Amino acid sequence: MINYDKYEAVIGLEVHAQLLTQSKLFCGDSAAFVNEPNTHISPITMAHPGTLPKLNDKAIEYAIKLGLACNCEIEKVNYFARKNYFYPDLPKGYQVSQHTTPICKGGYVTIKTEDGEKKVQLNRIHIEEDAGKSIHDQDEHYTYVDLNRAGVPLCEIVTEPDLCSGDEAYAYLTELRRLVRWIEVCDGNMEEGSMRCDANVSIRLKGETKLGTKVEVKNLNSIRNVKRAIDHEIKRMIEEVENGGTIIQQTRSFDANNGTTFALRTKEEANDYRYFADPDLTPFHISDEWLKQIQSTIPELYESKVKRYIVELQLTEYDAKVIADERETADYFEKLISALPPSPPGEGPGVRYKAAANWMIGPIKSYLNENNISITKLSLTPSSLAEIIALIDEGKINFSVASSKLFPALIKQPNVTAAALATQLNLLQTSDSGEVASWVEEVLNKMPDKVAEYRKGKKGLIGLFVGEVKKLSKGKADPKLTNDLLLEKLNA
């Protein structure tokens, strides 16, 4: 029987995030994802003789922005190096990357674990160009090469061996993907390959300080598969050692169909790449002024926003996290609460903010999920939603009617005010005591047996009567007036 618990895993991740530039790192070819192969290429992408690279400043800006958001030290004097190795999908026969001077050093990303918060330490973030894509399954005899991706700018985010499990890797990647999307430097779309992960995994006996031999699992294309691959690899390595074998430093791939890894090749060392400064690219310098300018473009980050929602807006931690999960949703929410009318005397502002949060987490979220759209595509403006909330606060409409009838109607007619549409659709509650009294009378006359039960002491039936009046009036009867008139009639 193998005792898995006597071992611990040591894990480091290398994440390649494609930067959201319009063009490639060293030429004007489009960096956009496209299915048609070899359409975003030029003599520079193809590395034709005599072509020269020209640096994309926006890629440098995005890399710095990411580094600042990850609490890194920015390397102000910088250059690119050639990393020499040959693949069919790398036309130059070398990759332009960074070696001794990564643009960002150190830093950390905070994650939540079962034991609380953990700062996952980063080793570096550096810039490099992507390679193309080799396609092996379209012809029995040939490999096809698509060079659309060759030269696209990447940031490689390298952690220290600071993670201990597949769960921690999952939490880290979730947080990192949220961050790159939040600051708008990468779309985080792992399915299209704009965010890819390699996992370096080793094991050692608990209490040991020396790192074990590592295995790298390459090109994992989903956060879930990163966790699955790491969990499998830890188990495989422990079983290998326990059965008397030796861990070999190698590169492996993950088969998502059966959840196992398989060997690709023995791992190269850094000196195998023969790095040297690229003679076609001059060193570049980052000024303090440019750093300050980039820093000013970083929005309030997720963790800060969640804490502010809890402290200042008095939201629950759950509500705050759901609303702040995506920057676009948080932006919509903040426009919404800005458009709300002032709280009436005696009512704390937290009541209004909670009402706004309930709409975001309830009807808005449900509508977006059902229609598979983002909140940026929602036709209902924050100010229109604020009008609905104001109508509810004023007792002119109840939440049920507002969410089921007025909300979908406003989505179809976003240029009409909430009050006008509610009036047009005859949804406004009435406080006419005569009209409400007639509905109350009709309900009580239809239910003499229940009235008798109530008068014998079954006071909980009041809810039934209120509900029946609500149905009869199609939600138009003022709830408080309904309740008062029912009590008056029942207790007469």
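Summary of values
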read-out	value
Residues satisfying the stated conditions in region 19-30, i.e. more than 16 Å from residue 190 (Cα to Cα) and in contact (Cβ under 8 Å) with a residue 60 or more places away in the chain	21, 24, 25, 26, 27, 29
Residue that is farthest from residue 486 (Cα to Cα), among those in region 448-458 that are charged (D, E, K, R) and surrounded by 13 or more Cβ atoms within 10 Å (Cβ to Cβ)	453
From the options 57, 115, residue that is surrounded by fewer than 16 Cβ atoms within 10 Å (Cβ to Cβ), under 23 Å from residue 187 (Cα atoms), of a type outside the set (Val, Ile, Thr) and free of Cβ contacts under 8 Å to residues at least 12 places away in the same chain	57
Qualifying residue in region 283-290 (condition: of a type in the set (Ser, Thr, Tyr), part of a helix (DSSP H, G or I) and at pLDDT 95 or above)	no
Within region 327-382, considering residues that are among the aliphatic types (A, V, I, L, M) and under 18 Å from the mean Cα position of the chain (by Cα), the one farthest from residue 317 (Cα to Cα)	373
Scan of region 60-82 for residues that are of a type in the set (Val, Ile, Thr) and crowded, with 22+ Cβ neighbours inside 10 Å, ordered by number	64
Given (1) of a type outside the set (Lys, Arg); (2) touching a Leu at 6+ places or on another chain (Cβ under 8 Å); (3) part of a loop (DSSP other than H, G, I, E, B); (4) closer than 28 Å to residue 222 by Cα, number of the condition residue 88 does not satisfy	(2)
Answer residue from region 100-112, given it is at pLDDT below 95 and either out of contact with any helix residue (DSSP H, G or I) (no Cβ under 8 Å at 6 or more places or on another chain) or in the same structural domain as residue 306 (by TED's automatic domain parsing) (or both) and is surrounded by the most Cβ atoms within 10 Å (Cβ to Cβ) among those	101
Unmet requirement for residue 32, which otherwise passes all of (1) touching an Asp or Glu at 6+ places or on another chain (Cβ under 9 Å); (2) not in a helix (DSSP H, G or I)	(1)
Hits in region 150-184 (condition: buried (at least 24 other Cβ atoms within 10 Å of the Cβ) and touching a Lys or Arg at 6+ places or on another chain (Cβ under 7 Å))	151, 152, 153, 169
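The values are calculated or read from the model by the stated rules, or taken from the named source; none is laboratory data. Quick caveat, the model's predicted, so the values are computed rather than measured. Here Cβ is always computed from backbone atoms with ideal geometry, including for glycine, and neighbour counts include all displayed protein chains.
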